[in-house]
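The values are calculated or read from the model by the stated rules, or taken from the named source; none is laboratory data. Model, not experiment: these values are computed from the prediction. We place every Cβ from the backbone using ideal geometry, glycine too, and count neighbours over all the protein chains shown.
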Amino acid sequence: MKVRTFASAALIIAMNSACSSELNKQSLKVTQIKQQQTSRYSPNPADVKRIQETKQCQGCNLAGADLSSANLKKANLQGSDLRAANLSGANLSEANLTQVDLRAANLSKTNLRGAKLTAAQLNWSGDSTNSRANLRQADLSKANLITAYMRGADLREANLSGAYLHATDLNQAILIKANLSKADLAGVKLSNADLTNVNLQGANLLGVNLSEVNLSNANLQGANLQAVSLIRAILNRANLNKANLTLAKLDGANLSGANLREANLFSAILPNADLSSANMQKAYLHATDLSKANLSSVNLIQSDLSAALLNGANLNNANLKGSNLKRASLTGANLSNVNLQGVNLQGADLTEANLTQADMTKTNLAQAYLTKADLSSADLQGATLNGAKLSGANLKNVNLKNAVGLNQPLIISEGQQSESHTSPHQHN
């Protein structure tokens, strides 16, 4: 019995010893890792002194250095390691930061005006918020950031006006309230970036992929968005006044309440897009695809929609007064309560369209296809109907006073009535 007790005690002691040894090993390993991490971001004191005194330190080890508020104007730091360095409030205007490693660096409120950051590393590792390069409220105006790596960088309220960002990686970057006016963003990568309330007035975004990007309330006035991909992008209440969206892809995009006044949307693709309550006055939409788009309560006064595709689109309560829809396709579209005063619909296809209570006074419907269209209670006073196809159309309570171009009396289904005051001037 005693032998068994001693044996058990010995076994327990051995197990405790083994556990203690393993714990010591693990503790040592953690300490070593911490030491490695500390040394990894420990700057070379000689390099720190050198940059402060001479502003010349190419290829230097300044990782983890505290250079906050330092005056490093026109400094040459090309190829240096500045990972996790503190440069907040520093003056690095016109500095050479080509191929510098600034990952996890603090550059908040730093002056980088006119600095050269070509191919600089400011990438986010993605493991924690603290590992993002912090460029909040930094001044990067007219800075050269061509081919810079800025994935996940925090650029909130940063000034990037006039900056060169050609082919820069800004995927997952935070650009909330950033100023990118007149910036060159051609070929930039912005996948999953947050551009809420960003200022892109006059910016060049030629060919950029902005699919599913949040641009709500963004200022894109006069911006070049030619051939840009904005598929399912969020642009509600965005300012796109006079923006160039030629050949842009906006499938399923949210543009509700957006300002598109005088915007160029030539041959743009917007099927299923939400443009409700948008201002599109005097917009150019020739050959634009707006099939099944939501255009309810939109302002399209004096817009050019010639040859546009609006099949199945919802234009309920829209205002298209004085617009050009010559040869536009509107089959099955909802145009109820729409203002179509003086609109040119010559040769347009309105087959099975809903035009109930539409205001079509002085509208040009010459050679238009209105087969099986619902025109009940519509106002067609003074409308031109030369060669219009009205077979099977619902003309109940239609006002055709002073309408011209009807070659023969209207064929009205039983129970329908139309107010057509025939005179030699009305039916030609």
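Taken together, Ala383, Ala333, Ala388, Ala358 contain a single residue that is closer than 20 Å to His286 by Cβ, buried (at least 21 other Cβ atoms within 10 Å of the Cβ), without any contact (Cβ under 8 Å) to a residue 60 or more places away in the chain and in contact with a Leu (Cβ under 7 Å, 6 or more places away or on another chain), which is Ala333. Entry remark, the stretch 184-210: residues being among the small types (Gly, Ala, Ser) and at pLDDT below 90 number 2 in total.
Screening Asn219 with (1) under 28 Å from Arg156 (Cα atoms); (2) without any contact (Cβ under 8 Å) to a residue 24 or more places away in the chain gives one miss only, at (2). Among the listed residues Gln58, Gln137, Gln121, identify the single one that is surrounded by fewer than 19 Cβ atoms within 10 Å (Cβ to Cβ), in contact with an Asp or Glu (Cβ under 6 Å, 6 or more places away or on another chain) and in contact (Cβ under 8 Å) with a residue 12 or more places away in the chain. The unique qualifying residue is Gln137. On inspection, Thr196 passes the criterion of being under 25 Å from Arg136 (Cβ atoms) and of a type in the set (Ser, Thr, Tyr).
Looking only at residues in the stretch 19-76 that are modelled with pLDDT under 95 and among the charged types (D, E, K, R), the one that is farthest from Leu97 (Cα to Cα) is Glu22. Kindly evaluate Lys292 against the criterion of being touching a strand residue (DSSP E or B) at 6+ places or on another chain (Cβ under 7 Å) and at pLDDT 95 or above. No, not satisfied.
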